[in-house]
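Chemist: Can you keep this structure in mind? I'll have questions shortly.
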Amino acid sequence: MNDMTIPNPAEAARVPPPAPLGMLAELTHRCPLSCPYCSNPVELDKRSGELDTETWKRVFSEAAAMGVLHLHLSGGEPTARKDIVELTAHAVKVGLYTNLITSGIGVTREKLEELATAGLDHVQLSIQDALPDTADRIAGLKGAHEKKRIFAGWVLELGLPLTINAVIHRANIENIEPLVNMALEFGARRVEIAHSQYYGWALENRRMLMPTREQVMRAAETVERLRDELKGKLVIDAVVPDYYARRPKPCVGGWGRQSLNVTPSGKVLPCHAAETIKHLKFDYVTERSLPDIWANSSAFEAYRGTSWMKEPCKGCPRKEIDFGGCRCQALAITGDPEQADPACSLSPFHAKIVALAIKDAAVDQTDYVYRRFGGVPDPRVTVTHNN
Ligand code: SF4
Ligand code: FES
């Protein structure tokens with residue numbers, strides 16, 4: 001600003017938001033697996049549009065400088081990037097805690113060793129089921145399950161902390177105990193039992209994935225029992241399924257409050273499904289700096305805090321706790337992202353989401369729409385959204 005510039009009072013009074021705690025770097029949408037619950041967008045970014053190495057490094061430096069603590073190296077499969085070791089080493093150098101979110105497929109032991117040497121802090125490995133055949137069917141790749149077992153062994157040998165992530169849905173919800181036992185057997189310190197969230201490919205597959213309410217209740221009891229039994233041995237995190245909830249979760253910790261996502265092409269999003277809200281304009285790291293986008297991007301400002309809310313959230317004592325739940329789910333079910341998350345029993349659309357869950361859970365259909373490039377659902381099955 002030169003001496004003659006008179007600051008706009010509204011600008012001058014604006015307090016910049018606190019720095020996010022975590023950043024999800026979707027390095028690539030390429031992946032050897034095709035999980036039908038994938039939260040990646042249905043229109044996946046192509047390899048040709050991915051950010052180059054230097055841009056990612058600059059983004060990591062900016063993230064660290066603005067106060068981000070955790071960097072989640074994700075995708076797709078992040079190790080599909082040839083520069084994954086260089087990127088990890090840079091993130092470590094600038095002081096970020098690095099978490100590799102991986103399928104464990106296509107990663108050699110040598111590559112993992114290079115990552116460990118580069119200073120990688122933590123590995124999060126996804127597993128699809130405890131039964132190999134079901135696991136491979138869900139992943140859409142024969143032999144995937146066995147490869148994951150081998151990969152987990154390398155993680156342990158190299159002394160890297162391991163978390164197992166299992167996305168739960170109709171095909172594996174009865175196997176939570178074997179899944180947790182598998183995490184123990186793999187030497188994990190933590191397991192995430194995360195019920196599928198219905199965005200992206202999971203929304204395309206909702207009728208094939210939705211469990212019944214009875215299954216969800218049994219699963220919750222199993223998780224509680226295992227938490228008690230395994231106290232001190234294994235931490236069990238659980239993400240409950242929204243469609244059967246009474247109160248929503250504070251999705252992404254509140255819009256523009258704690259985290260941000262950078263897509264393979266450099267678009268900065270407040271959450272992984274934000275692009276479904278079509279009127280929002282997202283900024284690219286190739287055009288603006290990360291701190292500028294975090295503080296000033298209209299997409300982050302749109303639902304930051306509580307001033308955008310309407311009733312019932314506006315007058316609700318929980319509005320600073322759950323921030324009205326999930327904007328993307330509100331859009332998907334009600335058509336309006338400013339509605340309360342319909343997972344909330346105070347939402348006028350709550351009965352609709354419960355009815356959808358019950359209807360979908362009763363569908364006897366198991367042909368998944370596998371995740372793939374081109375955004376074209378698998379022609380073997382046509383899914384009509386009934387919301
Ligand atoms: Fe949360 Fe809004 Fe429901 Fe209150 S009305 S509990 S703020 S979603
Ligand atoms: Fe977008 Fe929840 S996924 S706010």
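Chemist: Pairs, please: C-beta under 8 Å, at least 6 apart or cross-chain, first residue within 20 Å of Ile277 (Cβ to Cβ) and in segment 309-334, second more than 15 Å from ligand 2 (Cβ to nearest atom) and in a loop (DSSP other than H, G, I, E, B)?
Modeler: Filtered contacts from segment 309-334: Ala332/Asn387; Ile333/Phe349; Ile333/Asn387; Thr334/Phe349.
Chemist: Return yes or no: is Ala295 modelled with pLDDT of 95 or more and among the small types (Gly, Ala, Ser)?
Modeler: yes
Chemist: Quick one: which residue in Arg257, Arg246 is of a type in the set (Lys, Arg), away from ligand 2 (no atom under 12 Å from the Cβ) and at negative phi?
Modeler: Arg246
Chemist: Additional query: Looking at segment 115-133, can you tell me whether even one residue there is in a helix (DSSP H, G or I), modelled with pLDDT under 95 and surrounded by fewer than 23 Cβ atoms within 10 Å (Cβ to Cβ)?
Modeler: yes
Chemist: Quick test of your reading of the structure: Asp283 fulfils all but one of (1) charged (D, E, K, R); (2) away from ligand 2 (no atom under 16 Å from the Cβ); (3) under 26 Å from Val240 (Cβ atoms). Name the failing condition by number.
Modeler: Failing condition for Asp283: (3).
Chemist: Of everything in segment 169-201 that's farther than 30 Å from Gly232 by Cα and touching a His at 6+ places or on another chain (Cβ under 8 Å), which residue is surrounded by the most Cβ atoms within 10 Å (Cβ to Cβ)?
Modeler: My answer is Tyr199.
Chemist: Please return the ranges of helices (runs of 4 or more DSSP H) entirely within segment 295-356 where 3 or more residues are within 13 Å of ligand 2 (Cβ to nearest atom).
Modeler: The helices (runs of 4 or more DSSP H) meeting that bar are 298-302, 327-334.
Chemist: Would you tally the residues in segment 29-41 being closer than 17 Å to Gly266 by Cα and either in contact (Cβ under 8 Å) with a residue 60 or more places away in the chain or under 15 Å from the mean Cα position of the chain (by Cα) (or both)?
Modeler: Counting residues in segment 29-41 that are closer than 17 Å to Gly266 by Cα and either in contact (Cβ under 8 Å) with a residue 60 or more places away in the chain or under 15 Å from the mean Cα position of the chain (by Cα) (or both) gives 3.
Chemist: On to the next question. Sort out which residues of segment 20-64 are surrounded by fewer than 17 Cβ atoms within 10 Å (Cβ to Cβ) and over 18 Å from Tyr284 (Cα atoms), and write them in order of number.
Modeler: The one that is surrounded by fewer than 17 Cβ atoms within 10 Å (Cβ to Cβ) and over 18 Å from Tyr284 (Cα atoms): Leu21.
Chemist: Next up: Pairs needed: first member in segment 236-250, within 13 Å of Met210 (Cα to Cα); second member anywhere, in a loop (DSSP other than H, G, I, E, B); C-beta distance under 6 Å; at least 6 residues apart or different chains.
Modeler: From residues that are within 13 Å of Met210 (Cα to Cα), the pairs are Asp242/Ala343.
Chemist: While we're on this one: Which residues, counting only those in segment 58-98, are among the basic types (Lys, Arg) and farther than 13 Å from Pro264 by Cα?
Modeler: Arg58, Lys82, Lys93
Chemist: Suppose we keep only residues that are surrounded by fewer than 23 Cβ atoms within 10 Å (Cβ to Cβ) and touching a residue at least 24 places away in the same chain (Cβ under 8 Å) within segment 273-287. Which one would you say is farthest from the chain's Cα centre (by Cα)?
Modeler: The selected residue is Thr286.
Chemist: Which of (1) within 16 Å of ligand 2 (Cβ to nearest atom); (2) touching an Asp or Glu at 6+ places or on another chain (Cβ under 9 Å); (3) closer than 30 Å to Lys57 by Cα is the odd one out, the single condition Ala274 does not satisfy?
Modeler: With (1) within 16 Å of ligand 2 (Cβ to nearest atom); (2) touching an Asp or Glu at 6+ places or on another chain (Cβ under 9 Å); (3) closer than 30 Å to Lys57 by Cα applied to Ala274, the lone miss is (2).
Chemist: Taking into account only those residues within segment 202-217 that are farther than 27 Å from Arg327 by Cβ and in contact (Cβ under 8 Å) with a residue 12 or more places away in the chain, which is surrounded by the fewest Cβ atoms within 10 Å (Cβ to Cβ)?
Modeler: Thr212
Chemist: Considering every residue within segment 35-56, establish whether at least one is among the hydroxyl-bearing types (Ser, Thr, Tyr) and modelled with pLDDT of 95 or more.
Modeler: yes
Chemist: Please specify each residue of segment 82-114 satisfying the condition of being of a type in the set (S, T, N, Q), crowded, with 22+ Cβ neighbours inside 10 Å and in a loop (DSSP other than H, G, I, E, B).
Modeler: Listed by number, the list holds a single entry, Ser103.
The values are calculated or read from the model by the stated rules, or taken from the named source; none is laboratory data. None of the values given here were measured: they were computed from a predicted structure. No Cβ is skipped: glycine too gets one built from the backbone with ideal geometry, and neighbour counts run over all protein chains shown.
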